[in-house]
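Q: Input: one structure, supplied below.
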Amino acid sequence: RPAAGGATVPCLLGCGQEISEAQLGEHMSSQCPRRTVKCPLGCGREGEAGNLEEHVQKLCPNRKAAPVCMPAAVPKASQLCPLGCGTEVAAIALEQHKANECPNRVLLCPLGCGQEGQAKMLPLHTAKYCPKRPEAK
């Protein structure tokens, strides 16, 4: 945002914004949606900051990895589930979601075989693969 009376120039990265000469460097290094950033999930991808949220949510091969700090593009009042289910959760409800609601949370087999797995996979495990399922005895 140009200061009153200051000369403005178009962003050199091509985002279309007019920036004061004094703020151009800061804009290009930390604000411009066309600046190059690295994926915060560690996949090695470099791309435009404006495309980062879609990459983190849908495209990154590491999106189901361990919890990470999410990019500034995700509002602080809510964030994507760090377990990779794709749900945007209010910050105050995140622990509840991870512990009791997320289909990607890891649980022990309820039949007592000792197998751990994602909550969404336990019905298949207990129905077909668990050695302690009723049909397996």
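Q: Could you say which residue among Pro67, Pro123 is of a type outside the set (Lys, Arg) and at pLDDT below 85?
A: Exactly one residue qualifies, and that residue is Pro67.
Q: Hey, does the stretch 79-95 have a residue that's within 30 Å of Gln118 (Cβ to Cβ), open to solvent by less than 60 Å² (accessible area, probe 1.4 Å), touching a Pro at 6+ places or on another chain (Cβ under 7 Å) and at pLDDT below 85?
A: no
Residue by residue, here is whether (1) of a type outside the set (Val, Ile, Thr); (2) within 17 Å of Arg63 (Cα to Cα); (3) assigned to a loop (DSSP other than H, G, I, E, B) holds:
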{"position": "Leu83", "(1), (2), (3)": "yes, yes, yes"}
{"position": "Gln96", "(1), (2), (3)": "yes, no, no"}
{"position": "Asn100", "(1), (2), (3)": "yes, no, no"}
{"position": "Pro110", "(1), (2), (3)": "yes, no, yes"}
{"position": "His125", "(1), (2), (3)": "yes, no, no"}
{"position": "Lys128", "(1), (2), (3)": "yes, no, no"}
{"position": "Lys132", "(1), (2), (3)": "yes, no, yes"}
{"position": "Glu135", "(1), (2), (3)": "yes, no, no"}
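Q: So is Cys102 more than 30 Å from Pro10 (Cα to Cα), at pLDDT 90 or above and in contact with a His (Cβ under 8 Å, 6 or more places away or on another chain) or not?
A: It is false that Cys102 is more than 30 Å from Pro10 (Cα to Cα), at pLDDT 90 or above and in contact with a His (Cβ under 8 Å, 6 or more places away or on another chain).
Q: Now, a different point. Mind checking which residues of the stretch 22-66 are touching a Ser or Thr at 6+ places or on another chain (Cβ under 7 Å), loosely packed, with under 14 Cβ neighbours inside 10 Å and among the basic types (Lys, Arg)?
A: Those that are touching a Ser or Thr at 6+ places or on another chain (Cβ under 7 Å), loosely packed, with under 14 Cβ neighbours inside 10 Å and among the basic types (Lys, Arg): none in the stretch 22-66.
The values are calculated or read from the model by the stated rules, or taken from the named source; none is laboratory data. These numbers come from a predicted model, not from an experiment. Ideal geometry is used to build each Cβ from the backbone, glycine not excepted, and the neighbour counts take in all protein chains shown. All accessible areas refer to the heavy atoms of the entire protein, side chains included, with ligands and DNA or RNA removed. Shrake-Rupley method; radii C 1.70, N 1.55, O 1.52, S 1.80 Å.
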